[in-house]
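The values are calculated or read from the model by the stated rules, or taken from the named source; none is laboratory data. Fair warning: this is a prediction, and the values are worked out from it, not measured in the lab. Using ideal geometry, Cβ is built from the backbone for each residue, glycine included, and neighbour counts are taken over all protein chains shown. To get the accessible areas, we keep the full protein, side chains included, count just its heavy atoms, and leave off ligands, DNA and RNA. Shrake-Rupley method; radii C 1.70, N 1.55, O 1.52, S 1.80 Å.
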Amino acid sequence: KELSLSNRKAIAQTAGGNFFISLHAGYSVTPRAQGVSIFTDQGVQSAEGRLSSSGKEQVLKRQQAAERAGTFGYRLAQGLGENSVLGNVLVRSCPLLLQRELDMPVILIEVAYLSNIDAATLLSEEEYREQVSLTLAWAVANAMKQR
């Protein structure tokens, strides 16, 4: 189910969790692309002298959230790499729009590539989606224990 940015923001603020994990099925120009990609925010680079004190505070909060998300993302990748039917796991950082909107760390997980017909077929099967859900839940629980 696709949710707008404002809906995801509202859900995150209402839940009040430690992290916001957004699950996606992506697309690649490579039809055989497979595996899992975990994206964390790369943080921000700013010209310190040009920012107000509240601007500096926002930059610091976002940088801290990006660091926490990065650490958690790598822990997730380790867990998924040990116990995954999902294939290879990559962790990448990029500017995440939702991270600008939330005070908590944001992690985006691409669980499959719909451009890969085999992956798209598997995702259409309820049993496989349940297996993916259980695998992700296990990895999140283990990553949370490593605090």
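Tabulated data for the structure shown
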read-out: Answer from Gln45, Gln63 - the residue that is at pLDDT 80 or above, more than 27 Å from Glu2 (Cα to Cα) and either open to solvent by 70 Å² or more (accessible area, probe 1.4 Å) or of a type outside the set (D, E, K, R) (or both); value: Gln63
read-out: Number of the condition not met by Gly81 [criteria: (1) in contact (Cβ under 8 Å) with a residue 60 or more places away in the chain; (2) closer than 22 Å to Gln131 by Cβ]; value: (1)
read-out: Members of the range 1-17 found to be exposed (fewer than 11 other Cβ atoms within 10 Å of the Cβ), of a type outside the set (Asp, Glu) and assigned to a loop (DSSP other than H, G, I, E, B), listed by number; value: Lys1, Ser4, Gly16
read-out: Unique match (being in contact (Cβ under 8 Å) with a residue 40 or more places away in the chain and basic (Lys, Arg)) among Arg62, Arg75, Arg129; value: Arg75
read-out: Filtered residue count, the range 108-147, keeping only those that are of a type in the set (Lys, Arg) and either touching a His at 6+ places or on another chain (Cβ under 8 Å) or loosely packed, with under 11 Cβ neighbours inside 10 Å (or both); value: 2
read-out: Filter result (at pLDDT below 90 and open to solvent by 60 Å² or more (accessible area, probe 1.4 Å)) within the range 25-39; value: Tyr27, Thr30, Pro31, Arg32, Gln34
